[in-house]
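Enquirer: One structure is given below, represented as structure tokens, and several questions about it will come after.
The values are calculated or read from the model by the stated rules, or taken from the named source; none is laboratory data. Please read these numbers as outputs of a predicted model, since none were measured by experiment. Here the Cβ positions follow ideal geometry from the backbone for every residue, glycine too, while neighbour counts run over all protein chains shown.
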Amino acid sequence: MDSYVLSCCSTADLKKSHFDERNISYICFHYELGGKEYKDDLGETIAFEDFYRAMSNGADTKTSQVNVEEYEEYFESFLKQGKDVLHLCLSSGISGSFNSANVAKEMLQERYPERKIYVVDSLAASSGFGLLMDKLADLRDEGKNIDEVYAWAEANKLKLQHWFFSTDLTFYVKGGRITKTAGFVGGILNICPLLNVDREGKLIPRYKIRTKKKVIEAIVHQMELHAEDGLDYSDKCYMCHSACYEDARAVADLVEKRFPKLKGKVEINDIGTTIGSHTGPGTVALFFWGQERE
């Protein structure tokens, strides 16, 4: 079981304790806040509430992915121990980290031809990425070898459903995801866009819903429509939020009420500083296993 390392990026947005308990290694993205650079280290350096408060107060943010040299050093630390590596990257639909990791892989395989290095484009983000990693840890702990876990990841990653909504359009406008006009009108009409992640791992607006109450109902309805086995869904459900825990809790309460066979309680995490730099505060996301994305 320990002959290979299961690894991902910090953008899987799980708690550090979760990564440690599941024996999942991770490498940190980077971000700037107010002109100073930090590691996206799961809220250890800067608490999430302080990060989002700074954004709300006008601090500029900027993100940067893991570069080739960082991946090379990171992967090699495991290869030197005689271990193989299975690493999943943040979706190529929103980041170039998959390409950087592959370049590092090719360089290292020349020096370590006896070792296996698998790099997977997760086509996932935030705690949806985390839900995928948790599943792979289950498979590893069941005794599956690296080839079997890699094959499962590639065959099933598109069955991971991501649904998001935002009650604050400020940073979606700032990042160019919606126009200034749409943001202005949306603010006046109290519109909360409902989005999901498509087959290419890109974030796509799907519905314009008025009022927070209705969008909370709508996101749970999408789980009813798309979850594996519908209301009999019996796997895990993860959520994350950016400085709006009460909204996430309201969604989680509905999910737990409508899906009585759920595997445990809904796990709620914070949206990390990389993804959060683009969403800003006010975003809630819901993740579950279901139909393959269309």
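Enquirer: State all residues of the range 139-150 that are assigned to a helix (DSSP H, G or I) and surrounded by 13 or more Cβ atoms within 10 Å (Cβ to Cβ); if no residue qualifies, say none.
Expert: If we filter the range 139-150 for residues that are assigned to a helix (DSSP H, G or I), which is where we start, we get 139-141, 146-150.
139, 140, 146, 147, 148, 149, 150, listed by residue number.
Enquirer: So, one more: The conditions are (1) closer than 30 Å to residue 282 by Cβ; (2) among the aliphatic types (A, V, I, L, M); (3) at pLDDT 95 or above, and residue 55 fails exactly one of them. Which is it?
Expert: Every listed condition holds for residue 55 apart from (3).
Yes or no, residue by residue, for (1) surrounded by 22 or more Cβ atoms within 10 Å (Cβ to Cβ); (2) over 19 Å from residue 18 (Cα atoms); (3) among the basic types (Lys, Arg); (4) without any contact (Cβ under 8 Å) to a residue 40 or more places away in the chain:
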| site | (1), (2), (3), (4) |
| --- | --- |
| 89 | yes, no, no, no |
| 101 | yes, yes, no, yes |
| 104 | yes, yes, no, yes |
| 123 | yes, yes, no, no |
| 127 | yes, no, no, no |
| 133 | yes, no, no, no |
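Enquirer: Kindly indicate the residue of the range 28-77 that is of a type in the set (Val, Ile, Thr) and without any contact (Cβ under 8 Å) to a residue 60 or more places away in the chain and also surrounded by the fewest Cβ atoms within 10 Å (Cβ to Cβ) among those meeting that condition.
Expert: To start, the set of residues in the range 28-77 that are of a type in the set (Val, Ile, Thr) comprises 45-46, 61, 63, 66, 68.
Those left that are additionally without any contact (Cβ under 8 Å) to a residue 60 or more places away in the chain: 45, 66, 68.
Numbers: 45: 14, 66: 24, 68: 16.
The qualifying residue surrounded by the fewest Cβ atoms within 10 Å (Cβ to Cβ) is 45.
Enquirer: Can you pull out the residues in the range 248-281 that are out of contact with any helix residue (DSSP H, G or I) (no Cβ under 7 Å at 6 or more places or on another chain), charged (D, E, K, R) and in contact (Cβ under 8 Å) with a residue 24 or more places away in the chain?
Expert: Hits for the range 248-281 are 263, 267.
Enquirer: Do we find that residue 226 is outside the structural domain of residue 119 (by TED's automatic domain parsing), at pLDDT 95 or above and in contact with a strand residue (DSSP E or B) (Cβ under 8 Å, 6 or more places away or on another chain) in this structure? So that I can check it myself, show each step before the final result.
Expert: Details: outside the structural domain of residue 119 (by TED's automatic domain parsing): yes; at pLDDT 95 or above: yes; in contact with a strand residue (DSSP E or B) (Cβ under 8 Å, 6 or more places away or on another chain): yes.
So residue 226 passes the test.
Enquirer: Take the range 65-116 and flag every residue that is assigned to a loop (DSSP other than H, G, I, E, B) and among the polar types (S, T, N, Q). Walk me through it before giving the result.
Expert: Here is the first cut: in the range 65-116, the ones assigned to a loop (DSSP other than H, G, I, E, B) are 65-67, 80-83, 90-96, 112-116.
If the condition is that a residue be assigned to a loop (DSSP other than H, G, I, E, B) and among the polar types (S, T, N, Q), then 65, 67, 81, 91, 92, 95 are the ones that fit.
Enquirer: Please state which one of 277, 242, 234 is among the hydroxyl-bearing types (Ser, Thr, Tyr), at pLDDT below 95 and outside the structural domain of residue 47 (by TED's automatic domain parsing).
Expert: On the way: 242 fails: at pLDDT below 95; 234 fails: at pLDDT below 95.
Answer to the check: 277.
Enquirer: Still on this structure, please answer the following. Conditions first: (1) surrounded by fewer than 24 Cβ atoms within 10 Å (Cβ to Cβ); (2) at pLDDT 95 or above; (3) among the aliphatic types (A, V, I, L, M); (4) closer than 28 Å to residue 152 by Cβ. Residue 94 passes all but one, so which condition is the exception?
Expert: Just one mismatch for residue 94, condition (2).
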